[in-house]
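Presented below is the structure to which this report refers.
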There are 2 protein chains.
Amino acid sequence: MTNTTINNQAFLAACRREKTPYTPVWLMRQAGRYMEEYRKLRAQYGFLELCKRPELAAEITLTPVERLGVDAAILFADILLILEPMGVGLEYAAGDGPVIHRPVRSAVDVDRLKEFKVDKELSFVIETVKKARASLGGKVPLIGFAGAPFTLASYLIEGGSSRNYVHTKQLFCSDPSAWIRLMQRLSSAVAAYLNAQIAAGAQAVQLFDSWAGCLSPGDYEQFVLPHTRSTIAAITSGVPVIHFSTGTSGLLKSIRAAGGDVIGVDWRVNLDEAWQQVGYDVAIQGNLDPVALFASPKEIRSRVADVLRRASDRPGHIFNLGHGILPETPVENVVAMVEAVHELSAR
Amino acid sequence: MTNTTINNQAFLAACRREKTPYTPVWLMRQAGRYMEEYRKLRAQYGFLELCKRPELAAEITLTPVERLGVDAAILFADILLILEPMGVGLEYAAGDGPVIHRPVRSAVDVDRLKEFKVDKELSFVIETVKKARASLGGKVPLIGFAGAPFTLASYLIEGGSSRNYVHTKQLFCSDPSAWIRLMQRLSSAVAAYLNAQIAAGAQAVQLFDSWAGCLSPGDYEQFVLPHTRSTIAAITSGVPVIHFSTGTSGLLKSIRAAGGDVIGVDWRVNLDEAWQQVGYDVAIQGNLDPVALFASPKEIRSRVADVLRRASDRPGHIFNLGHGILPETPVENVVAMVEAVHELSAR
């Protein structure tokens, strides 16, 4: 940071909609492929292997805090890790994204999902949280995270990422009771997982409902909202919950109704309009287009200023991208963005 | 149709927001791979070859009118045909979607785009319009179409379909004057193309801005809206223009500001809320999720009823999907949907 000193309380205070000396900022996937430090580690280890080595995963969690000057660290992990102990055959195939070898397409498949204990089967994540929290030494808070039940369900059902989510939508239309059982299983598992992260030291948690934007408002309300609401309601009270989704400009009110202290929005909606829609009794996170980071620092600064102007100095804005940072993003532009946020929002 | 007789004026009257005996319906990609008749032809001919044989393309245009009982025919063609005479090396690679072998990434590339005459280089499309219109014999109106400048630009720049539109957004950020030249070129070409279709017999036209939903409202307003507005303003007056996009729940007001007599919306927003946003001085088209057609006829009927209820009998609703029909869709479900629309909306 050039002119601002990191305030280690800014991020958590903004989650609670308290006044902060400047707008806190972090980036989704801030620990990732766009960073040389990370690429070096990935040359030696597979993605899943890195997640399963708490020493390395904690190191990756900390790198962007040092390198970028962001106001929070986010656990290095993946939303799909929770699916592995369910026995569906998770694999991160090189170049092709995640694959689920035994997708869940019926009531029988749902009942075949294995029960598991977070402390046992996902102990490596919990260990990473502990190590990262200790290494941070209070410099900035640590955010834990998990996939939301719908996004996890869609991966389980489609067997990977999807364009049209045909199998997912077919399941909730054709066998609503199997769908409910699946969503209840996921909802409990996610809540237990997040609570274990919190017990291990996570000071806030983000729920990623990355693919909720494929749904109509009616389907979201009927098939998703009740389960996301249960998940959020079961999270240890007092710890801020960020409820994130993309492509949901048409269903922000329902997203907000499902819960969360902070609503994360993408760039496809103006931040001021989004905040008005979800209500000023929640904080808001967002919402620069990740592709804006490919522009010049001058252009980035002007786009940062626009987002800040739309937040209009109201307490409770956390600056972020609208989705994860892209692998080819120039690091120096990310640094310029973080600096611009801090400088232009200094109060 | 079971209980309704096709009213050959219903579609055009709805475009003008006049009362109709029932809500007219047609489907994007209604002539396509989900139909056996079409698959048989595709087994013999390549996609581009079919487009270039007016006799066959006109036949494909008519098939769904007979088979489904829809209220309009849409020209069988593709939004990218207009790019071929520009000399960029368009190819429909089997299974991989369209490829542009010489993408446009700079001012120099923009200036290299070839000028062309619609009547000469795209005469096969014009011929198809003539033949289809004649064969329809007034049974239902014929819709012509083209890609909107932004969607065409994104294909030209990315070299095919894209996930993040990095090169497209980089071009308008880094070289706005090259971007403007490209959009002006596309805007004139599209207007000339649509006017030629109209002169040949198209009774309405749809402008597909399929990928506008990747943009922030600010970028849409600055880099897209003026050019879409020019295109629409240059279309032969008196012929209804349907302005279609997807994923644009957060920028519907700007889409509407760019023009169009009918605004096409996808399923990610409730039809009533969308119509309120764009204003009741335009007609609206939509908005069933294409995946709903994989559900049972009973479920389809209930979802059709919900969309119709949201249109609340206001004149100016054209029923459609929120995007193109998917290749695996069962034809009998499409027939059930069309019947449900006609029956449930009969006034």
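Quick look at the numbers
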quantity: Any hit, the stretch A:75-93, residues being over 25 Å from A:Ala311 (Cβ atoms), in a helix (DSSP H, G or I) and free of Cβ contacts under 8 Å to residues at least 12 places away in the same chain; calculated: no
quantity: Filtered residues of the stretch B:105-161 (kept if more than 30 Å from B:Ser254 (Cβ to Cβ), in a helix (DSSP H, G or I), more than 21 Å from the chain's Cα centre (by Cα) and not β-branched (Val, Ile, Thr)); calculated: B:Arg112, B:Asp119, B:Lys120, B:Glu121, B:Ala134, B:Ser135
quantity: Residue match in the stretch A:133-151 (condition: at pLDDT 95 or above, touching a strand residue (DSSP E or B) at 6+ places or on another chain (Cβ under 6 Å) and polar (S, T, N, Q)); calculated: yes
quantity: Test: residue in the stretch A:85-95 that is of a type in the set (A, V, I, L, M) and under 19 Å from the mean Cα position of the chain (by Cα); calculated: no
quantity: Residues (out of contact with any Ser or Thr (no Cβ under 8 Å at 6 or more places or on another chain), more than 18 Å from B:Asp111 (Cβ to Cβ) and crowded, with 23+ Cβ neighbours inside 10 Å) located in the stretch B:165-192; calculated: B:Lys169
quantity: Count of the stretch B:289-305 residues which are in contact with a Cys (Cβ under 6 Å, 6 or more places away or on another chain) and in a helix (DSSP H, G or I); calculated: 1
quantity: When residues of the stretch B:305-347 are limited to those that are among the β-branched types (Val, Ile, Thr) and within 14 Å of another protein chain (Cβ to nearest Cβ), the one farthest from B:Phe244 (Cα to Cα); calculated: B:Thr329
quantity: Long-range neighbours under 8 Å by Cβ, at least six apart or interchain, first residue at positive phi and of a type in the set (Val, Ile, Thr) within the stretch B:193-209, second at pLDDT 95 or above and surrounded by fewer than 24 Cβ atoms within 10 Å (Cβ to Cβ); calculated: none
quantity: Residue match in the stretch B:206-218 (condition: within 20 Å of B:Asp289 (Cα to Cα), buried (at least 24 other Cβ atoms within 10 Å of the Cβ) and out of contact with any helix residue (DSSP H, G or I) (no Cβ under 9 Å at 6 or more places or on another chain)); calculated: yes
quantity: Residues satisfying the stated conditions in the stretch A:283-301, i.e. surrounded by fewer than 20 Cβ atoms within 10 Å (Cβ to Cβ) and either more than 10 Å from every other protein chain (Cβ to nearest Cβ) or within 14 Å of A:Gly316 (Cα to Cα) (or both); calculated: A:Pro297, A:Lys298, A:Arg301
quantity: Residue list for the stretch A:247-258, filter: surrounded by fewer than 23 Cβ atoms within 10 Å (Cβ to Cβ) and hydroxyl-bearing (Ser, Thr, Tyr); calculated: A:Ser254
quantity: Residue under evaluation A:Ala311, criteria (1) touching a strand residue (DSSP E or B) at 6+ places or on another chain (Cβ under 8 Å); (2) buried (at least 24 other Cβ atoms within 10 Å of the Cβ), criterion not met; calculated: (2)
quantity: Positions within the stretch B:102-132 being among the charged types (D, E, K, R) and touching a helix residue (DSSP H, G or I) at 6+ places or on another chain (Cβ under 7 Å), in sequence order; calculated: B:Arg105, B:Lys114, B:Asp119, B:Glu121, B:Glu127, B:Lys130, B:Lys131
quantity: Residues that are charged (D, E, K, R) and more than 14 Å from chain B (Cβ to nearest Cβ), drawn from the stretch A:127-186; calculated: A:Glu127, A:Lys130, A:Lys131, A:Arg133, A:Lys139, A:Arg181, A:Arg185
quantity: Tally, over the stretch A:8-29, of residues that are touching a strand residue (DSSP E or B) at 6+ places or on another chain (Cβ under 8 Å), surrounded by 18 or more Cβ atoms within 10 Å (Cβ to Cβ) and not aliphatic (A, V, I, L, M); calculated: 6
quantity: Scan of the stretch B:104-128 for residues that are in contact (Cβ under 8 Å) with a residue 12 or more places away in the chain and either of a type in the set (Lys, Arg) or touching a strand residue (DSSP E or B) at 6+ places or on another chain (Cβ under 6 Å) (or both), ordered by number; calculated: B:Arg105, B:Arg112, B:Lys114
quantity: Complete set of residues in the stretch A:259-273 that are crowded, with 20+ Cβ neighbours inside 10 Å, at the interface with chain B (Cβ under 8 Å from one of its Cβ atoms) and without any contact (Cβ under 8 Å) to a residue 40 or more places away in the chain; calculated: A:Val269
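Okay, residues lined up against (1) assigned to a loop (DSSP other than H, G, I, E, B); (2) in contact with a helix residue (DSSP H, G or I) (Cβ under 6 Å, 6 or more places away or on another chain):
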| residue | (1), (2) |
| --- | --- |
| A:Asp272 | no, yes |
| A:Trp275 | no, no |
| A:Ile284 | no, yes |
| A:Asn287 | no, yes |
| A:Val307 | no, yes |
| A:Asp313 | yes, no |
| A:Ile318 | no, yes |
| A:His323 | yes, yes |
| A:Thr329 | yes, yes |
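Residue-wise test of (1) touching a helix residue (DSSP H, G or I) at 6+ places or on another chain (Cβ under 8 Å); (2) aromatic (Phe, Trp, Tyr); (3) modelled with pLDDT of 95 or more.
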| position | (1), (2), (3) |
| --- | --- |
| A:Arg17 | no, no, yes |
| A:Tyr22 | yes, yes, yes |
| A:Lys52 | yes, no, yes |
| A:Ala72 | yes, no, yes |
| A:Leu90 | yes, no, yes |
| A:Ala94 | no, no, no |
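The values are calculated or read from the model by the stated rules, or taken from the named source; none is laboratory data. Note that the structure is predicted; figures quoted are calculated from it, not measured. Glycine also receives a Cβ, built like all others from the backbone with ideal geometry; neighbour counts cover every protein chain displayed.
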